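The structure under discussion appears below in the form of structure tokens.
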Ligand SMILES: [Zn+2]
């Protein structure tokens, strides 16, 4: 293009002039959008839990700013928004809900969306095969969908669709970013499958039952210490200790968000150890690799 430029002086200056007009139009359009958006034009996306922050940031890049509702270390099964936060949340253009029945969203989603009728609610669970738990007369869905990389791919897809809807100008970029991250999730998935298959681990004993989707994907059985979200009774503990001995379980998994006391009691009784794994860490890819490695090691001890 450089060498042919001087032979077509008139047309190229015409093109340049037309392009300049286009630029003015484009930047004017950009300005109104900037004025509409908080924080220098970024799309504010409210999310419930930290792993969704990584999903949104990887797809949205520089165009998004996440607003995390359940802060690090807090429990999304019980967390209450502090007074005054609702007004900030109302500024979000998108609320990416996990959508799988987690208690925080059951309690707060309607109050959040009522404040801003223009807010797009992206249901990250759309298209995911939910696991039903609980008693037969009180069925509920297991909300921990994000702890399966295969589900995470679907969540990322839903987030990508939402961003493209709100900001069609940058749709191609969102698509590319989502493709790259989804490939990384595919790689994570195959690495975890391989690591767990090699380890021979079959059962994991965990304090808080959050790994059912993970267990379903990788053929594990999750044994939970908590009983319907409550501390185990002394009888529960006796049963779990007997089971751990019978199954030759040596590692009890607890998480930084919850008490480790009953995990320690069981570990003491079986001569095992307590290992912490987080179901809620923001650095999703790194965390999931670490968790899978910890599960795999527990199988070879
Ligand atoms: Zn949980």
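The values are calculated or read from the model by the stated rules, or taken from the named source; none is laboratory data. Keep in mind that what you see is a predicted model, and the values were worked out from it rather than measured. We place every Cβ from the backbone using ideal geometry, glycine too, and count neighbours over all the protein chains shown.
Tabulated data
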quantity	calculated
Subset of region 110-134 (residues that are farther than 21 Å from residue 213 by Cβ and over 17 Å from the mean Cα position of the chain (by Cα))	110, 111, 112, 113, 114, 115, 116, 117, 118, 119, 120
Search result, residues across region 194-204 that are touching a strand residue (DSSP E or B) at 6+ places or on another chain (Cβ under 8 Å) and away from the ligand (no atom under 16 Å from the Cβ)	202, 203
One residue from 219, 229 being within 20 Å of residue 192 (Cβ to Cβ) and not assigned by TED's automatic domain parsing to the domain that holds residue 153	219
Some residue of region 165-187 being out of contact with any strand residue (DSSP E or B) (no Cβ under 6 Å at 6 or more places or on another chain) and closer than 28 Å to residue 258 by Cβ	yes
Unmet criterion (only one of (1) farther than 30 Å from residue 69 by Cβ; (2) surrounded by 15 or more Cβ atoms within 10 Å (Cβ to Cβ)) for residue 194	(2)
In region 141-185, the residues that are within 16 Å of the ligand (Cβ to nearest atom) and surrounded by fewer than 19 Cβ atoms within 10 Å (Cβ to Cβ)	141
Candidates 207, 213, 218 - the one that is touching a helix residue (DSSP H, G or I) at 6+ places or on another chain (Cβ under 8 Å), within 16 Å of the ligand (Cβ to nearest atom) and more than 22 Å from residue 136 (Cα to Cα)	207
Region 246-279, subset part of a helix (DSSP H, G or I) and surrounded by fewer than 14 Cβ atoms within 10 Å (Cβ to Cβ), residue nearest to the ligand (Cβ to nearest atom)	261
Set 294, 242: member being surrounded by 14 or more Cβ atoms within 10 Å (Cβ to Cβ) and at negative phi	294
